[in-house]
Structures are given as structure tokens and as C-alpha cells.
1. Under DSSP H, which helices of chain A have Cα atoms covering 18 Å or more of the helix axis and a Kyte-Doolittle average no less than -1.0?
2. Rank these for me by crowding, B:H414, B:H306, going from fewest to most other beta carbons within 10 Å.
3. What number, rounded to the nearest 500 deg cm²/dmol, is the helix-based mean residue ellipticity at 222 nm of chain A, given -39500 (n - 2.57) per DSSP H run of at least four residues and division by all its residues?
4. What is the range B:223-299 by shape, rounded, prolate or oblate, if you read a ≥ b ≥ c off the alpha carbon gyration tensor as root eigenvalues and call it rounded for a/c under 1.5, prolate for a/b larger than b/c, and oblate otherwise?
5. When Cβ neighbours within 10 Å are restricted to other protein chains, what is their mean count per residue of peptide A:343-353?
6. Determine the dipole magnitude for the range B:31-317: charges of +1 sit on the beta-carbon of Lys and Arg, -1 on that of Asp and Glu, nothing else is charged, the reference point is the Cα centre, and the result goes in debye to the nearest 20.
7. Among all the aspartates and glutamates, which ones have a C-alpha under 18 Å from A:K20's C-alpha, if same-chain residues fewer than 8 places away are not counted?
8. Can you sort B:T36, B:T205 from fewest to most other Cβ atoms within 10 Å of each residue's own Cβ?
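Laboratory data are not the source of any read-out in this text; all were calculated from the coordinates shown. Model, not experiment: these values are computed from the prediction. Counting neighbours? That spans all protein chains shown, and the Cβs are built from the backbone with ideal geometry, glycine included.
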Amino acid sequence: MNNEQLTLLQRIIKGKWIGKGFLALLALAVIWWVGGKALQSPPLFFQQIINGIQLGFVYALIALGYTMVYGIVRLINFAHGDVFMFGAFVSFFSVSQFQLHLWPIKALPSLPPALGIVIGTLSVILLSMVSCAILAMTIERIAYKPLRDAPRISALITAIGVSFFLEYFGALPFVFTPNFITYKRPFDIVTWYIQGGIHRLEAGAEAPPGSVIFSNVLIIIIVVSILLLVGLNYIVRQTKIGKAMRATAYDKPTSRLMGINVDGVISTTFAIGASLAGAAGVLYATAYPQVVFWMGIIPGLKAFVAAVLGGIGSIPGAFVGALIMGQAEVLSAGYISTPMRDAVAFTILILVLLIRPTGIFGEPEREKA
Amino acid sequence: MKLDRHTLGFWIVLIGLIVLIQILVSLGILSPFWETLLKIGAVMSIVSLGLNLIYGFNGQFSLGQWGFYAIGAYAAADVTYRWTQMNNASGLMVLLLVVALVGIAFFLTAKLVARLRGLDPLSAFALYIVAVLIAAVIGVQLGRVLIAPATQILSSLPPNLSLQIVYLIAVLLGGCLAAEVSYLFGLPVLTLGSDYFGIATLGFTIIVKVLLDNSDTLLGFEEMKGARGMVGIPKTTSWLWVALFLIIVIILLRNLLHSSHGRAIISVREDEIAAKAMGIDVAQQKTIAFVLGSFLAGLAGGLYAHINGFLHPNTFNFIKSFDPMIIVVFGGLGSVSGTIMAAFTWALVLEGFLRILLPAGFETWRFVVYPLFLLVMMLLRPQGLFGGFEFPYLRQVLPKPYTPKTEEQLSLVHAIEEASEGD
């Protein structure tokens with residue numbers, strides 16, 4: 001059939017115009033809704049955007065662990081969110097029980113106090129990262145490795161089981177207790193507000209109406225996340241283990257033939273992903289200063305959605321997806337209703353799977369025999 | 001139906017058990033606590049059978065069963081609530097017409113989509129959404145008109161009888177509503193790979209829970225009372241009702257699985273590509289299994305809502321959605337008898353005995369022990385606790401192997417055997 005002979009109906013079908021129109025309507029509705037609210041009160045809107053960036057960077061750190069593990073073993077590591085929770089608790093204990101963040105000031109009194117706090121905070125984060133890496137490697141060794149050749153669903157159910165175990169073991173009265181615990185930050189909070197320039201907000205003072213406020217928590221989250229992302233990119237792109245990881249993700253049997261220790265590589269991947277989640281746990285707890293045993297579930301699931309949104313297996317994709325998720329969550333919580341943010345997150349997931357299952361940066365998956 | 005020894009034995013034992021329990025309940029030997037547990041066991045059997053159909057027989061890892069259960073529960077509860085507390089059939093008629101019209105809309109849209117060849121999935125989904133919206137609006141308007149006559153007719157009956165009728169229709173409508181939602185939801189997500197499907201369905205459960213938390217403000221159902229919990233639902237579900245539904249579900253599943261449709265559903269689990277090569281419409285089989293499984297979940301939800309007369313969104317928390325999953329895994333994937341036994345064991349032992357026997361602190365240990373069991377099961381006994389045991393009545397009768405008769409057929413079989421040995 002010639003192109004000229006196509007009827008209007010066939011053209012509509014061929015151009016997928018019905019679906020495109022549906023999406024356009026949906027996008028217009030969202031823009032109308034958010035734009036209308038933003039015009040009502042621009043400072044509030046910018047405040048939401050800043051909060052969203054803060055959340056998005058934390059999600060990015062968690063999402064990287066999901067995307068790396070999925071890229072290599074094709075397993076949705078449900079327990080990842082609970083590793084994140086574990087990281088937050090480790091930092092909670094190291095700060096409030098052992099005063100780890102004060103060691104530079106105690107050990108080297110001559111150090112300038114600001115530098116001492118920075119080093120102390122970094123060591124708190126480092127401790128959480130290391131303990132999460134050890135936890136994840138243990139989980140991988142005990143629960144996932146024996147199931148490597150089993151059907152993928154068996155491994156997924158096992159992952160759910162591990163996640164439950166970590167949560168409810170944490171809920172036991174002598175472990176983390178089932179209560180909300182107030183988190184003590186390793187540093188004092190400093191707040192600024194923007195209104196025709198950046199001003200320092202004195203402690204206890206109210207910010208003037210119509211201003212946008214941000215604190216050093218935001219700066220720390222952004223700086224730490226970017227440092228970790230650069231470090232991760234270096235490991236994956238430049239080092240030998242990174243090369244081995246990429247090879248294993250691409251083709252496991254062949255990389256084994258090439259002399260790569262596949263089990264070791266998988267173990268390392270779990271460790272790297274978990275250490276990022278551990279850092280995210282500390283940052284999340286400093287931003288929202290409360291820890292509880294189930295705190296990892298919803299951020300974990302949302303980070304997974306972010307990884308899918310960006311294209312699972314892709315590191316920049318996880319980052320971009322997490323930023324979008326952070327914005328979506330904050331805007332829906334601010335402009336629709338607070339509990340709706342969970343519903344919106346999963347609606348995004350379903351839409352992504354509907355429109356572009358490979359995600360923003362994902363490449364179409366190779367058909368495997 | 002041919003009555004052989006197995007069939008007769010199965011039915012005698014089953015009906016005998018049900019009657020025995022009913023007699024014990026009527027005589028007061030079985031306390032209400034245990035009666036409730038037995039009912040919950042039967043309800044969980046139905047939910048888990050639905051999940052087993054989706055996951056065990058069709059191979060789709062679904063975590064959405066609990067969401068459909070919640071939909072069925074709230075829909076049915078709303079209908080009977082409006083009948084008993086507000087004395088009108090508003091919920092009944094509106095839901096009936098919405099369900100019926102949406103069903104017709106699905107049917108017509110499916111015909112239309114089949115005629116428009118080469119339509120991409122997104123466009124098809126958009127068409128379905130538009131059709132459902134139109135049908136639902138018409139259904140609500142038409143239903144309003146019919147409220148008064150329906151109320152009159154039902155009020156003229158004896159009150160107990162009319163309540164039972166409303167209850168029965170409500171439970172069935174709850175199931176149908178869940179099935180229709182699952183059809184719409186399954187359109188985009190059923191084509192995904194198994195673990196993406198799991199996450200999408202988990203997301204569905206979370207969305208349903210969030211919506212139920214805000215059912216009074218966001219959805220506009222005042223009587224559901226959102227996160228405060230819905231009270232005042234009539235406690236109509238008796239042991240005989242759940243037993244009756246369980247029997248119907250067992251017959252339904254048995255006959256489905258023994259039919260060629262059932263074999264097609266199972267073949268999708270075994271190997272999608274091979275099934276496609278055999279001419280099986282994989283997408284259709286997945287949809288059938290998913291919709292039917294969700295229907296069972298909605299049905300069970302309706303039954304559950306009328307056991308305690310109280311519903312709370314926390315009952316439908318996604319953490320609890322792993323309960324049917326655990327039952328199905330323990331009972332054995334693709335085993336009907338195993339699922340039923342595991343569901344009753346779950347209800348009686350975990351919810352009953354252990355709660356009475358063990359000290360109060362056990363509650364905190366429960367979810368520590370569960371996952372460990374699950375891990376050990378996955379590692380050591382992936383075929384389930386009962387190891388694929390099936391009552392003879394439910395066991396699948398496979399077609400007899402082909403026996404060649406003539407010389408020509410014999411030589412053909414030999415040729416095929418030789419060819420397959422060459423691999």
C-alpha cells in the first residue's frame with residue numbers, strides 16, 4: 001500500500017497519535033496544576049524545589065546500589081532499603097553513644113574546630129559505609145549466592161525475606177526498638193535565607209515571609225553525594241575492578257572464561273552499592289532527624305522507581321531519575337496531600353513502564369536465550 | 001460429571017468437615033474465636049488460590065493481590081453499609097451499574113482495538129481509559145435513577161432475607177470490581193518481565209492503601225472514614241457462606257486447570273516462547289489468569305469485610321501482602337490442595353495457637369522467624385512444604401501418551417525420536 005492511500009484512521013494508528021494525545025493531555029494537566037500553584041506563591045515553589053533537590057540526591061545514592069546490583073545479577077535487591085536503614089542506625093549509635101564525630105577535637109585539640117567537625121562528620125559517614133558494605137557482603141554470601149542459578153523469582157522472594165528479617169530483627173526491643181528515635185546530628189545546623197541576597201538566619205529567629213530558606217544540611221548532602229558519585233564513576237570507568245564489573249554485567253560466562261573472578265566482582269558490587277546506601281542513610285537521617293526500623297522501606301522502593309525511571313543498569317540514569325523522583329515527591333506532597341506522595345511515586349513507575357520500559361537512559365535489552 | 005471413587009471421597013470428606021464444623025459452632029463447642037479463625041482461614045485460602053493461579057500456575061510474580069483484596073473488601077462493605085445504616089440501595093445499584101457498564105465498555109473497546117490493527121499499547125490503554133470513564137459516569141447517573149425502585153423492592157422482602165441478598169450481590173460485585181480494575185491495570189503491566197511486574201503490582205498495593213487512608217477526603221466516601229477505619233458493617237459472613245464460596249472456587253479452579261485453557265495457562269509459566277510457538281496467545285492467557293486471580297482476591301475481600309464488621313486501611317498494608325505469598329510458597333507453587341492446607345495452617349497455627357500458647361513477646365519475634373523460614377524453604381525445599389501433593393480429585397489428568405497403531409504411524413514416531421536424539 002502506498003503512503004498516499006493511507007486513510008486518516010490508519011495514519012492515526014501508525015503515528016501512535018492516540019497515545020501521544022493522551023500523554024500530552026496528562027502533561028498539560030500536570031503543568032497546569034503545578035504552574036498554577038507556583039504562580040500563586042513563587043517563594044513556596046522554590047522552597048519545594050530546594051527540598052526536592054535535597055531528597056533527590058539522597059535517593060540518587062540509594063538508586064545507584066539498586067541499579068548496579070540489578071545490572072550485574074538481575075536481582076531487585078529488596079534488602080537494599082534496609083541496608084540504608086542500618087547505615088542510619090550505625091551513624092546514630094556512633095554519634096550519640098560513642099561521640100565518634102568529636103574524635104578530631106579530642107585527639108588533636110590544636111585543630112580548628114570547623115575542620116574538626118568536618119573530619120568527624122566524614123568519619124561518621126565512613127563508618128556507616130564500611131559497616132553497610134560488610135552487612136551487604138554477608139547477605140550476598142548467605143542468602144543470594146546459593147540461589148544464583150535458581151529461577152529469578154526465588155532470588156526475589158529471598159530478597160524480600162532478607163528485607164523482612166532485617167526490619168523485624170531491628171524492631172526487637174534489644175536491637176533498635178520499634179520506636180521512633182530522635183537523631184542527633186554530628187554538627188550544628190546553620191540556616192540561611194534568600195531574599196534579595198543570602199543572609200544568615202540567627203538561631204531561633206523566624207525567616208521573613210516570602211523568603212526561601214536552606215541549611216548546611218543541603219550543602220553537605222550535595223557535596224557528599226557529588227563526591228561519592230565522582231568516586232563511583234572513577235571506580236567504574238577507570239579501575240580494573242570497574243572494568244571487571246562492566247564485563248560481568250555484559251556477559252557473565254564469557255567474563256569467567258576471561259579469568260574474571262565473577263563471584264568476587266558480584267560481592268564487590270554489593271559492597272559498593274551498600275556503602276553508597278550507608279552514606280545515604282546518614283544524610284537522610286541528618287536531613288529528617290528521626291530513625292526507626294522501617295525507615296528504609298519507602299525510600300528504598302522510591303529509589304528503585306528512580307532507577308527504573310532513569311534506565312536500570314545506567315549510573316547517570318539513576319542519578320537523573322532520582323532527582324526527578326525527589327521533585328515529584330516534594331511537589332505532590334506540597335500541592336496535593338502528604339500521603340499522596342507515595343501514590344504519585346508509583347504512578348510514575350507505572351507510566352514509565354507503559355511509555356518507555358527501558359527508562360530515560362536505558363538501552364533496549366538484548367534478547368537472551 | 002463422572003463420579004469415581006476419588007471424586008466421591010473428596011466431596012464426602014469436604015462436605016463432612018464443613019457440616020461437622022457447622023454443628024460444632026451451633027452447639028457452642030467451638031468458641032467464636034476459633035470460628036473466626038476458621039473463616040479467616042477459608043478467606044485466605046481463596047486469596048491464596050487466586051495468587052497461586054497468577055503466580056503458581058501462570059508464573060507472574062504478583063504482589064498486587066492484597067490491593068485487589070482491599071478493593072473487594074471496601075466495595076462490598078460500602079454496599080452493605082449503605083443498605084443497613086442508610087436504609088437505601090444506593091451503593092448496590094450504583095456499583096452494580098458501574099460494574100456492568102464498565103464490563104460492557106471493556107468488551108466493546110476490546111472489539112474496537114482488535115479491529116484497529118497495529119495499535120500501539122499506549123493508544124489502546126488511552127482508549128480503554130476513556131471508555132471506562134464514560135461508562136462509569138453513565139453508570140453512576142443511571143444507578144441514581146434506580147435507587148428508589150430497588151430500595152422498595154428489597155424492603156418488601158423480610159429484612160434478614162434482603163440483607164443476605166444484598167450481601168451476596170455485594171460480595172460478587174466486589175470481586176467483579178477487583179477483576180475490572182485488574183484488567184485495566186494489567187493492560188500496561190502484564191507485558192513486563194516478571195520482576196518489573198512484581199514491583200508494579202507492589203506499587204499498586206501501596207497506591208490502594210494510600211487512597212484508602214484518604215477515602216473520606218480524596219475519594220469522597222464519607223462512610224469509609226479514611227484512616228480512622230470503617231465500622232458498622234453487618235457481620236453477615238457465616239461459616240457456611242465462606243465454605244460455600246470456597247467449594248465453588250475449588251470447583252472453578254479445578255475445572256479451569258483441567259481444561260485446555262488451564263493447560264495453556266500452565267504452558268505460559270513453563271516457557272513463554274515455546275507456548276507462543278505452539279500457537280498460544282500468551283498475552284491473553286496472562287490476562288485471564290491475572291483477572292481471575294484478582295476476582296478471587298476481591299471476592300475474598302468482600303467475605304473478609306463481613307467477618308469482623310470492621311475495616312482499617314492498615315489491614316491492607318503492603319507488608320501484609322506477603323502473607324498470601326508466604327502461604328503460596330509454603331503450600332507449593334501450582335498446588336491447589338497445598339495452598340488450602342497452608343492457608344488453614346497459617347490461620348489456625350500462626351494466628352491461633354501460637355498467639356495463645358506463646359508469651360506476649362512473641363509478636364515481636366514473629367516477623368523475625370517468618371523470613372528465616374522463607375529463606376530456608378527457598379534454599380532447601382523450593383517445591384513447598386507439601387511437595388506438590390494434590391488430592392486425587394484435584395490432580396491433573398494428563399492426556400494419555402500417543403500410541404501408534406498403523407505401520408506408517410510407527411515409522412513416523414521413530415523418525416521423530418531419531419531426529420530429537422540428534423540434538
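1. Helices meeting the criterion: A:17-40, A:42-73, A:80-96, A:113-139, A:152-170, A:216-238, A:262-287, A:297-310, A:315-335, A:340-355.
2. So the residues, fewest neighbours to most, are B:H414, B:H306.
3. That calculation yields -22500 deg cm²/dmol at 222 nm.
4. Taking the square roots of the gyration eigenvalues as a ≥ b ≥ c, the range B:223-299 is oblate.
5. 5
6. I would put it at about 340 debye.
7. Output for A:K20: B:D120.
8. Exposure proxy ranking, most exposed first: B:T36, B:T205.
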